[in-house]
Amino acid sequence: MKLVPAFFKLVRWPNLVFIALTQVLFLYCIEQPIFRNAGIVTNVHGTYFLCLMLASVIIAAAGNIINDYFDLNIDQINKPEKVIVDKIISRRWVILWHLVLSIAGILLGFYIDWFTRVRFLGLANLASVLLLFFYSISLKKKLLIGNVLISLLTAWVILVITYCETNHLLDVFRKGSSLEADKLSRLTFLYAGFAFIISLIREVIKDMEDVEGDRKYGCKTMPIVWGLNASKVFVAVWLIVLIAALAIVQFYVLQFGWLFWISALYCTIFIIVPLLWIFRKLFRAQSPQDFHQLSSVVKIVMLTGILSMVFFKVYAP
């Protein structure tokens, strides 16, 4: 494998595309149309939004790099054919790239703080870098803590877009015209909640896939501490919660008229049905290959969930 393809594989470029796509769609399909109706220009747009998106992407890339650095021994058992650290890219270069990308992501946050009305984004990016580092060296080996942390950081990819507009939201509430602000808040937490739950489901499934290597190196992940069956029940409960929440949302959406049947149909076919398939296959899964397949389908559901933001742009007045 050549060096450049190896580097893109190391940073897990499809995940980085997911992050960028999520933020682009949330800004242009949800946030900007809402603020436009309220006569507000967003703090983060144009160059500043590109800086925000780039910071999110490279901080995630840095987290993936340092995670593979500390997971080298485990990965040599779980997925030896995919190992890049010390096999294609030396450890020294891996650490260097982690530092460069982390520092760049933090500086971009402070740049946005300095030139816009956003506050403390640089500190938030610093906190994200530190949390990803401690996740890689310790937290991922502990029961549930690492899973929840990654899920929260996944939700933060969406929350940070609305966070950057905090001053506008406060201004709207002070003026007593909170309709648009309420709408943005609801949609932010709807998608952030979806991101959190679907990420938590995938993280636990990945732990079930990697149980062999994790056990050998003393990890205390859920499948090791609670057992495989209890972990499946945990995932199943969250699947039920997610499916039920999505079904309720679709019932609510249908009240707005026949045009919204298209979005409800999309959600049913491309999000809810695959989640039901995952639920059905979950308890039959036994081998790492089975869990890898489930993890891959969960990732597809993440994508279809992200793409559903397009409907808010289509239906925006």
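The values are calculated or read from the model by the stated rules, or taken from the named source; none is laboratory data. Just so it is clear, the model here is predicted, and its values are computed rather than measured. We place every Cβ from the backbone using ideal geometry, glycine too, and count neighbours over all the protein chains shown.
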Inspect region 58-73 for any residue being within 24 Å of LYS299 (Cα to Cα) and charged (D, E, K, R) and give the result as yes or no.
yes
Collect the residues in region 216-232 that are out of contact with any Ser or Thr (no Cβ under 7 Å at 6 or more places or on another chain), under 13 Å from ALA285 (Cβ atoms) and surrounded by 12 or more Cβ atoms within 10 Å (Cβ to Cβ), keeping them in residue-number order.
LEU228, SER231, LYS232
Condition first: hydrophobic (A, V, I, L, M, F, W, C), surrounded by fewer than 19 Cβ atoms within 10 Å (Cβ to Cβ) and farther than 24 Å from LEU228 by Cβ. Now tell me which residues in region 273-310 satisfy that.
VAL273, LEU303, LEU307, VAL310
Take region 188-215 and flag every residue that is among the hydroxyl-bearing types (Ser, Thr, Tyr) and in contact with a Ser or Thr (Cβ under 6 Å, 6 or more places away or on another chain).
THR188, SER199
Can you confirm whether region 159-180 contains a residue that is in contact (Cβ under 8 Å) with a residue 24 or more places away in the chain, closer than 29 Å to VAL94 by Cα, of a type outside the set (S, T, N, Q) and part of a helix (DSSP H, G or I)?
yes
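Each row is one residue, and each column tells you yes or no for (1) more than 16 Å from the chain's Cα centre (by Cα); (2) more than 18 Å from LEU27 (Cβ to Cβ).
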position: LEU121; (1), (2): yes, no
position: ILE137; (1), (2): yes, yes
position: LYS141; (1), (2): yes, yes
position: VAL148; (1), (2): no, yes
position: ILE158; (1), (2): no, no
position: CYS164; (1), (2): yes, no
position: LEU169; (1), (2): yes, no
position: THR188; (1), (2): no, no
position: GLY193; (1), (2): no, yes
Can you tell me how many residues within region 1-12 are assigned to a helix (DSSP H, G or I) and either of a type in the set (A, V, I, L, M) or modelled with pLDDT of 95 or more (or both)?
4
What number of residues within region 41-57 are farther than 16 Å from ALA20 by Cβ and either surrounded by 18 or more Cβ atoms within 10 Å (Cβ to Cβ) or of a type in the set (Gly, Ala, Ser) (or both)?
2
Test result for VAL44, closer than 21 Å to THR154 by Cβ and not in a helix (DSSP H, G or I)
yes
Inside region 72-97, can you point out the residues that are in contact with an Asp or Glu (Cβ under 9 Å, 6 or more places away or on another chain) and surrounded by 14 or more Cβ atoms within 10 Å (Cβ to Cβ)?
LEU72, ILE74, ASP75, ILE77, ASN78, LYS79, VAL83, ILE84, VAL85, VAL94
Just checking: which of the helices (runs of 4 or more DSSP H) contained wholly in region 190-285 hold 1 or more residues that are of a type outside the set (A, V, I, L, M, F, W, C), free of Cβ contacts under 8 Å to residues at least 12 places away in the same chain and farther than 21 Å from LYS141 by Cα?
228-253, 273-282
In this structure, does ILE34 turn out to be part of a helix (DSSP H, G or I), of a type outside the set (Phe, Trp, Tyr) and within 21 Å of the chain's Cα centre (by Cα)?
no
Considering each residue of region 107-138, count those that are within 17 Å of ALA155 (Cβ to Cβ) and either in a loop (DSSP other than H, G, I, E, B) or of a type in the set (Ser, Thr, Tyr) (or both), and give that number.
2
Taking only pairs six or more apart or across chains, which ones have beta-carbon atoms under 9 Å, a first residue in region 105-123 that is without any contact (Cβ under 8 Å) to a residue 40 or more places away in the chain, and a second residue that is outside any helix (DSSP H, G or I) and surrounded by fewer than 23 Cβ atoms within 10 Å (Cβ to Cβ)?
ASP113/ARG119; ASP113/PHE120
